[in-house]
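Reading through the structure tokens given below for one structure.
The values are calculated or read from the model by the stated rules, or taken from the named source; none is laboratory data. Source: prediction; values computed, not measured. Note: ideal-geometry Cβ built from the backbone for every residue, glycine included; neighbour counts use all protein chains shown.
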There are 2 protein chains.
Amino acid sequence: MSSILKNDLLLRALLREPTPRRPIWLMRQAGRYLPEYRATRARAGGFLQMCTNPDIACEITLQPIDRFPLDAAILFSDILTIPHAMDLGLEFEAGEGPKFERPVRSAADIDKLGVPDPGHDLKYVIDAVALVRRELNGRVPLIGFAGSPWTVATYMVEGGGSKTFGQIKRMMYEAPRDLHRLLELLAKATIVYLNAQIAAGAQAVMLFDTWGGVLTPLQYEEFSLRYMAEVVDALTREAGGRRVPNIVFTKGGGAWVKKIAAIGCDAVGIDWTTDLASARHAVEGRVALQGNLDPAALFAPPETLRAETLRVLASYGEGVGHVFNLGHGITPDVDPEQVAILVDTVQNYGLGGQPKEG
Amino acid sequence: MSSILKNDLLLRALLREPTPRRPIWLMRQAGRYLPEYRATRARAGGFLQMCTNPDIACEITLQPIDRFPLDAAILFSDILTIPHAMDLGLEFEAGEGPKFERPVRSAADIDKLGVPDPGHDLKYVIDAVALVRRELNGRVPLIGFAGSPWTVATYMVEGGGSKTFGQIKRMMYEAPRDLHRLLELLAKATIVYLNAQIAAGAQAVMLFDTWGGVLTPLQYEEFSLRYMAEVVDALTREAGGRRVPNIVFTKGGGAWVKKIAAIGCDAVGIDWTTDLASARHAVEGRVALQGNLDPAALFAPPETLRAETLRVLASYGEGVGHVFNLGHGITPDVDPEQVAILVDTVQNYGLGGQPKEG
């Protein structure tokens, strides 16, 4: 952990410090679109087997870094590690997504839950963080992450993925205090979990609020944003002599970026349905922005992919505070060659002939 | 069709004319939450069998009208009737959603498609409209509908529902001209289809753009809104001596209401993720708004359901131009008693003790 960080563009951009060019990483960059990932997965036997084995998690985390000159690594893990540690019987059925054998439906179910001890119940994650830091050897910073309390709760209450979120919304309307108790517990668990990741070497952290966008504006503030604010507020601010920036990403939260920016986070993730220029206007320089190329642009012919990438870069505009990313995770059917084109386009923007930022 | 319309609140509210109280109808009001619907379905054998049989479609359309004092009927049908008429092999597998045996993936696939003749290929819909009008006998107006060209195209290209819309987005980036050809064809088909519904007796029409919200802002304008504008522009404006109002609803389109209002439609549907007050502010009185109670509020205890309903009514505020609805379709697991409470709450708002609108 004492190795010097050779590329700190991500950390500087997240803190709105000047950078010679814009950093880029991709959500799900360590994923199924890479043949080396598929090979490791076949060897490991399954998704949970990969997540819970620090050597394999480290190997997968580094795969995209070894292949592309990306500006950050993100830990290979899952947003459901916390409920997995709560012993709800998590399984990933092939092609089906996550399922919990024992979903959380009642006050009694919530009573049974406790805050997992990261050093014990989630040791495999913490070990993976330390291992990745050692293997990265200062090449790029490592991002740790967790699901937002609301998003993790949706899986726990629904018992898996959902289209209508009927179970958790029923709880929200019928027993809002129970749901608040669950979210409070998840916020506490997320705080110790992310701080343990930071202590083990994560140099930035991100909260994924994948399902905040299924809420009404008032519900979003009460059941999702409030608990993310609690987490952000309690995060370790500095480690190894550097500030540890945090990123909050609500998919479908484009209308609420101003409110998200106000919780005290360093950066806000923006999905592809929101115009980056409007989002930047809305946050009035309070936070950095991360995003937001349509993930499907990676299917485009190279010249179109380049044009779309340049449009995102230009829509943010000049000045500090932009981390390039997709607006959502990269999909399994993407050709890795397209990622090379994307990374190259972003990393050459603003250099040479084009106007300089800073 | 010459019967006098006894309750024209919907038509007046959609045209921003004063009404003594706000009208209410519910998306999917003729649906699985009603035991009488489930009984009819069991008898008919399946979803397509119900849609394609005018007697059954009429019976189902009237079920919620017979049970609740709703202010409008909406034809029981499906947004996939047009591609069904294009002979793509539509099937509804139980619990699986729609599937097309022959999805549209190439220029050659598009070449094979023609505009269905509503009087022939979609005669069952047109017959159902006429039958419902006769059976309604002027109780409330009948709303006809179609899917938006973009939304219908997603099903045709993906071959069914989708989470990532990878196939149609691939076409959008790789062969945008082909996709435009398909959308243009669908716009033409939708125009003749909706105008045939109007000629048969539909007193208002609605475009359901269920998947416009998966697009970037620029893609939305180019691939969805543009074709809805084309449809709206070509709709029959008057029938039976009355103006036929139209409603455009893009789920997830909250950020774009101002742009939607500018295409010349009479009303814009608003989903539950957007605040109705902000939407009203954005459209500056150009259109009426329809929405937007969280469908899950129907799971709440009666007092909470009433409070949530009043909050939606109050968030629109005073004055003309609000049609109460859910922000999305009613779900199958709702207790019909809850719908009675909702309808009662809306219909008593602004009467008696509360401030009058107009």
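Checking each residue in the range A:37-91 for being among the small types (Gly, Ala, Ser) and within 21 Å of A:Gly329 (Cα to Cα) picks out A:Ala39, A:Gly46, A:Ala57, A:Ala72, A:Ala73, A:Ser77. Among helices (runs of 4 or more DSSP H) entirely within the range B:142-257, having at least 3 residues that are at positive phi and surrounded by fewer than 23 Cβ atoms within 10 Å (Cβ to Cβ) singles out no element at all. Beta carbons closer than 6 Å, at least 6 apart along the sequence or on distinct chains, pair a first residue in the range B:172-187 that is without any contact (Cβ under 8 Å) to a residue 24 or more places away in the chain with a second that is of a type in the set (Val, Ile, Thr) and assigned to a helix (DSSP H, G or I) for B:Tyr173/A:Thr304.
Could you please let me know if A:Phe145 is within 27 Å of A:Glu91 (Cβ to Cβ), among the aromatic types (Phe, Trp, Tyr) and within 14 Å of chain B (Cβ to nearest Cβ)? Walk me through how you get there before you give the answer.
Values: within 27 Å of A:Glu91 (Cβ to Cβ): yes; among the aromatic types (Phe, Trp, Tyr): yes; within 14 Å of chain B (Cβ to nearest Cβ): no.
In short, no.
Of all residues in the range B:224-273, those that are out of contact with any Asp or Glu (no Cβ under 8 Å at 6 or more places or on another chain) and of a type in the set (Ser, Thr, Tyr) total 2. Looking only at residues of the range B:151-184 that are of a type in the set (Ser, Thr, Tyr) and under 14 Å from B:Ser106 (Cα atoms), we find that the one that is farthest from the other protein chains (Cβ to nearest Cβ) is B:Thr154.
In the range A:285-310, the residue that is nearest to A:Leu207 (Cα to Cα) out of those that are out of contact with any helix residue (DSSP H, G or I) (no Cβ under 8 Å at 6 or more places or on another chain) and free of Cβ contacts under 8 Å to residues at least 24 places away in the same chain is A:Ala307.
In the set (1) within 29 Å of B:Val244 (Cβ to Cβ); (2) within 13 Å of chain A (Cβ to nearest Cβ); (3) crowded, with 19+ Cβ neighbours inside 10 Å; (4) hydrophobic (A, V, I, L, M, F, W, C), B:Val323 fails one condition alone, (2). Among residues that are of a type outside the set (Ser, Thr, Tyr) and either under 13 Å from the mean Cα position of the chain (by Cα) or away from every other protein chain (no Cβ under 14 Å) (or both), B:Ala255 is not included. Here A:Arg102 passes the criteria (1) within 14 Å of chain B (Cβ to nearest Cβ); (2) surrounded by fewer than 23 Cβ atoms within 10 Å (Cβ to Cβ); (3) over 22 Å from A:Val231 (Cα atoms); (4) free of Cβ contacts under 8 Å to residues at least 60 places away in the same chain except the one numbered (1).
If the condition is being closer than 29 Å to B:Leu15 by Cβ and part of a loop (DSSP other than H, G, I, E, B), then the range B:286-320 contributes B:Arg286, B:Val287, B:Asp294, B:Gly317, B:Glu318, B:Gly319, B:Val320. The set of residues in the range A:185-212 being within 14 Å of chain B (Cβ to nearest Cβ) and either acidic (Asp, Glu) or touching a Leu at 6+ places or on another chain (Cβ under 6 Å) (or both) consists of A:Asp209 alone. A single entry from A:Arg16, A:Arg12, A:Arg102 fulfils the requirement of being closer than 22 Å to A:Leu289 by Cβ and assigned to a loop (DSSP other than H, G, I, E, B): A:Arg16.
Kindly indicate which of B:Ile24, B:Ile4, B:Ile56, B:Ile82 is farther than 24 Å from B:Ala187 by Cβ, touching a strand residue (DSSP E or B) at 6+ places or on another chain (Cβ under 8 Å) and among the β-branched types (Val, Ile, Thr). Only one candidate qualifies: B:Ile24. Report yes if A:Glu96 is within 30 Å of B:Ala297 (Cβ to Cβ), in contact with a strand residue (DSSP E or B) (Cβ under 9 Å, 6 or more places away or on another chain) and surrounded by fewer than 18 Cβ atoms within 10 Å (Cβ to Cβ), otherwise no. Considered against the rule, which asks whether it is within 30 Å of B:Ala297 (Cβ to Cβ), in contact with a strand residue (DSSP E or B) (Cβ under 9 Å, 6 or more places away or on another chain) and surrounded by fewer than 18 Cβ atoms within 10 Å (Cβ to Cβ), A:Glu96 comes out as yes.
For the range A:289-304, a residue qualifies if it is within 7 Å of chain B (Cβ to nearest Cβ) and surrounded by 24 or more Cβ atoms within 10 Å (Cβ to Cβ), and the qualifying residues are A:Asp294, A:Ala296, A:Ala297. Helices (runs of 4 or more DSSP H) fully within the range A:30-71 that include at least 1 residues being at pLDDT below 95: A:35-44, A:47-51. The residues of the range A:273-288 that are away from chain B (no Cβ under 11 Å) and of a type in the set (Asp, Glu) amount to a single one, A:Glu284.
Residues in the range A:261-272 that are in contact with a Leu (Cβ under 7 Å, 6 or more places away or on another chain) and in a loop (DSSP other than H, G, I, E, B) were compared, and the one that is nearest to the other protein chains (Cβ to nearest Cβ) is A:Trp272. For B:Arg43, state whether it is closer than 19 Å to B:Ala94 by Cβ and without any contact (Cβ under 8 Å) to a residue 40 or more places away in the chain. Against the criterion (closer than 19 Å to B:Ala94 by Cβ and without any contact (Cβ under 8 Å) to a residue 40 or more places away in the chain), B:Arg43 qualifies.
Being among the hydrophobic types (A, V, I, L, M, F, W, C), touching a Cys at 6+ places or on another chain (Cβ under 8 Å), at negative phi and surrounded by 20 or more Cβ atoms within 10 Å (Cβ to Cβ) narrows it down to one residue among A:Ala72, A:Ala57; which is it?
Testing whether each residue is among the hydrophobic types (A, V, I, L, M, F, W, C), touching a Cys at 6+ places or on another chain (Cβ under 8 Å), at negative phi and surrounded by 20 or more Cβ atoms within 10 Å (Cβ to Cβ) leaves just A:Ala57.
Output the residues belonging to the range B:12-26 that are of a type in the set (Val, Ile, Thr) and crowded, with 24+ Cβ neighbours inside 10 Å. Across the range B:12-26, the qualifying residue is only B:Ile24.
Taking the listed residues B:Asp111, B:Asp117, the one that is under 20 Å from B:Lys169 (Cα atoms) and modelled with pLDDT of 95 or more is B:Asp111, with no other qualifying.
Being within 30 Å of A:Lys251 (Cβ to Cβ), in contact (Cβ under 8 Å) with a residue 40 or more places away in the chain and among the β-branched types (Val, Ile, Thr) narrows it down to one of B:Ile191, B:Ile270, B:Ile263, B:Ile198, so name that one. Lay out the reasoning, then the answer.
Working: B:Ile191 fails: within 30 Å of A:Lys251 (Cβ to Cβ); B:Ile263 fails: in contact (Cβ under 8 Å) with a residue 40 or more places away in the chain; B:Ile198 fails: within 30 Å of A:Lys251 (Cβ to Cβ).
From the options B:Ile191, B:Ile270, B:Ile263, B:Ile198, the qualifying one is B:Ile270.
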